[in-house]
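The values are calculated or read from the model by the stated rules, or taken from the named source; none is laboratory data. These figures come from a predicted structure and were not determined experimentally. We place every Cβ from the backbone using ideal geometry, glycine too, and count neighbours over all the protein chains shown.
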Amino acid sequence: MPVAALARGERRLDGEAYLTGGFGIRTQLQADFECKDLSVLAHVWQPNRLKGIQVSPEHGTPFLTATQVFDLRPRPRKFLASSRTPYLKSRFVEPGWILVTCSGSVGDVICSYAPHFDRVISHDLLRVAPFDQSLTGFLYTFLRTRFGRTMMRSTRYGSVVKHLEPEHLFDLPVPRIPTVLQEALANEIETVFAMRSEAYKLTLLAEHQYAECYEDPTQGVSSEGQFVVKVLAVRSGRRRLDAYHYNPSAAVALATIRRGAFRMDPLPDVTAGVFGVPRFKHVYAHKGIPYVDSEDLFKINPELNKLIPEVTKADAQRYFVQPLWLLMASSGQLYGLNGSVVLATGRDRGRIVSNHVLRIVPGTGIRPGYLVMALGHPSLGRPLVLTLAFGSEVPEIAAEDLKTLEIPRLSQESEQLIADAVERAAALRATADAQEDAAVAMLEAFFESRISGHPEEHALRVAQYRGAYAKQPTTEFESAWATSAALNLGSTMDRRDG
């Protein structure tokens with residue numbers, strides 16, 4: 001390293017800031033492109049650290065942590081007193097703002113959209129608000145490329161918990177790109193988040209439709225506090241002695257669905273299989289089969305950077321999943337992901353899915369989308385699943401216990417409406433993720449072709465990615481074929497060579 005490099009900027013003395021990844025990319029872009037600092041193109045800032053006062057949901061403003069912002073279906077767990085929250089307005093986000101994680105796992109990027117509005121957003125997310133809205137798509141895509149991510153992460157600091165400050169992004173070099181490419185990226189990303197917003201609204205609609213089929217008295221019932229259980233309740237089944245198994249929220253939910261359902265079918269009767277997979281030793285490498293953790297399944301287009309070599313995993317296919325299977329997180333905290341369920345799509349095909357995820361294969365007599373809602377509804381489904389969890393530090397749900405659940409059956413019309421909404425939402429999310437990956441690949445191809453001096457490679461790769469990610473219908477639920485096609489959308493970008 002030349003001594004002159006240490007005399008600029010923050011005069012960093014930690015070696016990580018000058019590794020060939022971040023520092024090398026920065027130098028290469030500045031040499032081959034006309035660049036502007038990010039602070040010239042956008043306002044980069046961070047709210048003051050928040051020390052909020054929690055209140056009950058009916059009296060507070062919903063609060064989302066940095067990790068919750070990336071959830072498929074963010075559910076606030078904390079509600080803050082508005083009058084006691086300093087600079088409250090500055091903690092909300094506007095449409096089209098780019099949010100960057102700046103504590104812990106830094107450099108993850110998302111655009112604000114429907115589930116983020118009118119909610120207090122954690123100060124652990126940097127705000128990047130473009131001065132020109134037409135640049136939003138390009139800047140967002142650039143920060144998600146390997147060029148943007150690596151440069152951001154090379155400027156982090158801290159020994160145990162890594163951090164980014166707004167100042168670290170001020171001088172991030174942003175290359176100038178052709179107007180045609182910039183406009184194309186703007187259109188792609190706008191469509192991506194329109195699909196995600198629609199998917200979120202469809203999920204809320206399905207939850208509402210499911211609850212409307214019952215008299216739902218579970219609002220306001222808490223699983224915390226004192227309650228009484230009859231001795232007879234512990235004389236059957238697993239004879240559970242942990243109090244949470246008998247919590248009032250689950251008891252009221254079960255009574256509600258039993259009153260409103262036409263009948264109750266045991267889970268094994270409506271599925272072709274409910275099973276887990278064995279634990280295994282994780283050995284990661286630069287090349288191999290993508291590994292999907294349980295947390296990744298419930299995030300918006302997560303970065304899958306863990307690869308398991310095929311030679312070390314001869315039984316890899318045992319851990320693969322198929323589209324339209326239900327995947328349920330079976331390990332973790334009760335207030336977190338444990339018991340959450342998601343519908344698998346074609347993007348999950350060919351990936352090793354964690355052993356902390358139960359597989360549920362729907363039978364022929366029930367729609368996968370309806371089964372997702374019956375098991376995962378916030379007040380009438382998931383509370384029943386969580387009563388099966390056992391263990392103190394890290395609760396776990398066993399497949400054999402899950403098989404004891406009963407699934408409420410509604411009218412065919414009601415089940416179809418709910419299933420349509422859930423499956424359509426899953427299809428939209430899969431299509432949006434694929435289109436976003438294509439946009440990132442397109443921009444990376446442009447940079448790489450310019451750096452290598454072979455611009456014709458860019459046109460070839462753009463045609464390849466655009467063909468691989470043909471857009472799916474995004475406005476109407478035209479046909480069962482359209483949804484099936486989106487749910488089975490393959491992930492050409494999942495290159496096993498890393």
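Which residues, counting only those in segment 437-456, are more than 19 Å from residue 141 (Cβ to Cβ) and assigned to a helix (DSSP H, G or I)?
If the condition is that a residue be more than 19 Å from residue 141 (Cβ to Cβ) and assigned to a helix (DSSP H, G or I), then 452, 456 are the ones that fit.
Which residue pairs have Cβ atoms under 9 Å apart, sit 6 or more places apart or on different chains, and have a first residue in segment 276-293 that is touching a residue at least 12 places away in the same chain (Cβ under 8 Å) and a second that is of a type outside the set (A, V, I, L, M, F, W, C) and assigned to a strand (DSSP E or B)?
276/359; 277/359; 282/291; 284/291
Condition first: surrounded by fewer than 20 Cβ atoms within 10 Å (Cβ to Cβ) and touching a residue at least 60 places away in the same chain (Cβ under 8 Å). Can you find one or more residues in segment 79-92 that meet it?
no
Being touching a helix residue (DSSP H, G or I) at 6+ places or on another chain (Cβ under 9 Å), polar (S, T, N, Q) and closer than 26 Å to residue 212 by Cα is true for just one of 338, 355. Which residue is that?
Matching residue, one of 338, 355: 338.
Which condition breaks for residue 445 when tested against (1) touching a Phe, Trp or Tyr at 6+ places or on another chain (Cβ under 8 Å); (2) in contact (Cβ under 8 Å) with a residue 24 or more places away in the chain?
(2)
Return yes when residue 75 is in the same structural domain as residue 147 (by TED's automatic domain parsing), touching a residue at least 12 places away in the same chain (Cβ under 8 Å) and exposed (fewer than 14 other Cβ atoms within 10 Å of the Cβ) and no when it is not.
yes
For the subset of segment 302-341 comprising residues that are surrounded by 15 or more Cβ atoms within 10 Å (Cβ to Cβ) and among the basic types (Lys, Arg), which member is farthest from residue 401 (Cα to Cα)?
Checking each candidate, the answer is 306.
Restricting to segment 307-336, count the residues that are closer than 26 Å to residue 420 by Cβ and either aliphatic (A, V, I, L, M) or not assigned by TED's automatic domain parsing to the domain that holds residue 282 (or both).
Residues meeting the conditions: 6.
Modelled with pLDDT under 95 and buried (at least 18 other Cβ atoms within 10 Å of the Cβ), is that true of residue 179?
It is false that residue 179 is modelled with pLDDT under 95 and buried (at least 18 other Cβ atoms within 10 Å of the Cβ).
For the structure I just gave you, tell me whether residue 69 is of a type in the set (A, V, I, L, M), crowded, with 20+ Cβ neighbours inside 10 Å, at pLDDT 95 or above and in a helix (DSSP H, G or I).
Considered against the rule, which asks whether it is of a type in the set (A, V, I, L, M), crowded, with 20+ Cβ neighbours inside 10 Å, at pLDDT 95 or above and in a helix (DSSP H, G or I), residue 69 comes out as yes.
Scanning segment 28-69 for residues that are touching a Cys at 6+ places or on another chain (Cβ under 9 Å) and not small (Gly, Ala, Ser), which turns out farthest from residue 148 (Cα to Cα)?
Among them, the one singled out is 46.
Residues that are farther than 21 Å from residue 449 by Cα and of a type in the set (Asp, Glu): list the helices (runs of 4 or more DSSP H) wholly contained in segment 123-219 that include at least 1 such residues.
So the answer is 166-170, 179-212.
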